[in-house]
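The structure appears below as structure tokens.
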Amino acid sequence: MERVLDYYLSAAVEADRHLARHAAAPGAGLPAHGTAVLPVLRAAEDARAWMQAEQENLVAAVRHAARHGFTAHAHRLPAAMAEFLRTTGHWSEALRLHGTALAAALTRSDLGGQAQARLDTAMINCLRGDYEQAEAGFRTALELVRELRDRQGEGIALHGLGRVQRLTGRFGDAMRSERGALACFVDTGDARGQVAPGSTSGTCTRAPGTTGRLRSIWSGLWNRTGSGRTSAAGPTRSPCSPMC
């Protein structure tokens with residue numbers, strides 16, 4: 001059974017590579033998947049179709065891994081499925097799977113896995129309008145990634161926190177969080193990650209009560225980092241980018 005779990009983990013990570021909003025973390029080794037051939041996925045549409053077709057099997061794999069002590073698979077599979085579940089509206093399933101992932105990561109004393117599970121859960125809570133739980137999750141994840149000195153994870157957590165702060169009317173706090181997120185993504189060369197804070201900034205700077213000084217701070221950072229321009233990785237800004 002471990003070989004089957006290895007296959008689904010490797011295939012899901014490959015699919016997520018086409019769907020993820022952030023550059024893949026370096027050094028994240030994958031298990032061998034025997035002689036099984038991974039699906040050929042050339043674009044996001046292929047990856048989404050594969051995830052859709054294999055969703056029941058992937059969920060079953062997570063449950064089996066959790067029941068039988070394959071804790072690495074139990075926390076990494078939900079992480080690889082997170083973007084698919086988020087964008088296709090399978091939010092209740094996502095919360096269950098990310099809960100399983102967190103339990104597995106706690107069993108392994110894996111701080112990185114705990115941070116990822118908390119981030120994924122917080123993103124779904126944000127989408128569901130449960131802002132109190134979302135903010136608590138993003139703050140806990142932020143503490144973990146800072147302990148690990150994971151700058152990309154810090155950027156993701158700060159961006160999520162900024163999103164919640166904006167949605168709850170705390171525009172000054174939101175801009176400070178987003179400014180920190182953008183700096184993290186610039187530092188790590190995550191061109192995909194640089195899209196979201198810039199997209200959010202427009203709403204923050206137009207919000208009622210936003211001072212001219214805050215607008216100036218954000219615009220200056222946005223211009224200095226070169227975000228919104230085209231890089232070697234492609235355009236760093238999108239006219240339509242989901243935030244949570």
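Which condition number in (1) outside any loop (DSSP other than H, G, I, E, B); (2) surrounded by fewer than 20 Cβ atoms within 10 Å (Cβ to Cβ); (3) out of contact with any Leu (no Cβ under 8 Å at 6 or more places or on another chain) is the one that G172 fails?
The one condition G172 does not meet is (3).
So that you can scan it fast, the table gives a plain yes or no per residue for (1) surrounded by fewer than 23 Cβ atoms within 10 Å (Cβ to Cβ); (2) of a type in the set (V, I, T):
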residue: D110; (1), (2): yes, no
residue: A117; (1), (2): no, no
residue: T121; (1), (2): no, yes
residue: Q133; (1), (2): yes, no
residue: A136; (1), (2): yes, no
residue: R149; (1), (2): yes, no
residue: E154; (1), (2): no, no
residue: G160; (1), (2): no, no
residue: R163; (1), (2): no, no
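Is it true that E143 is part of a helix (DSSP H, G or I), modelled with pLDDT of 95 or more and crowded, with 16+ Cβ neighbours inside 10 Å?
No: the conditions fail for E143.
Which count do you get for residues in the range 146-156 that are part of a helix (DSSP H, G or I) and free of Cβ contacts under 8 Å to residues at least 12 places away in the same chain?
1
Checking G129 against (1) assigned to a helix (DSSP H, G or I); (2) over 14 Å from P78 (Cα atoms), which single condition isn't satisfied?
(1)
Between a residue in the range 14-30 that is more than 16 Å from A72 (Cα to Cα) and assigned to a loop (DSSP other than H, G, I, E, B) and any residue that is polar (S, T, N, Q) and modelled with pLDDT of 70 or more, which pairs come within a Cβ distance under 8 Å, given they are 6 or more apart or on different chains?
Going by the 8 Å Cβ cut-off, the qualifying pairs are H22/Q152; A23/Q152; A23/T188; A25/Q152.
I need every pair where a residue in the range 41-60 that is of a type in the set (G, A, S) has its Cβ under 7 Å from the Cβ of a residue that is surrounded by 12 or more Cβ atoms within 10 Å (Cβ to Cβ) and not in a helix (DSSP H, G or I), sequence separation at least 6 or different chains.
Between residues of the range 41-60 that are of a type in the set (G, A, S) and residues that are surrounded by 12 or more Cβ atoms within 10 Å (Cβ to Cβ) and not in a helix (DSSP H, G or I), the close pairs are A47/L41.
Please go through the range 43-89 and give me each residue that is buried (at least 19 other Cβ atoms within 10 Å of the Cβ) and not in a helix (DSSP H, G or I), ordered by number.
Listed by number, the list holds a single entry, F70.
Just to be sure I understand, how many residues within the range 153-191 are within 16 Å of E132 (Cα to Cα) and among the charged types (D, E, K, R)?
4
The values are calculated or read from the model by the stated rules, or taken from the named source; none is laboratory data. Here the structure is a predicted model, which means the values were calculated and not measured. Here Cβ is always computed from backbone atoms with ideal geometry, including for glycine, and neighbour counts include all displayed protein chains.
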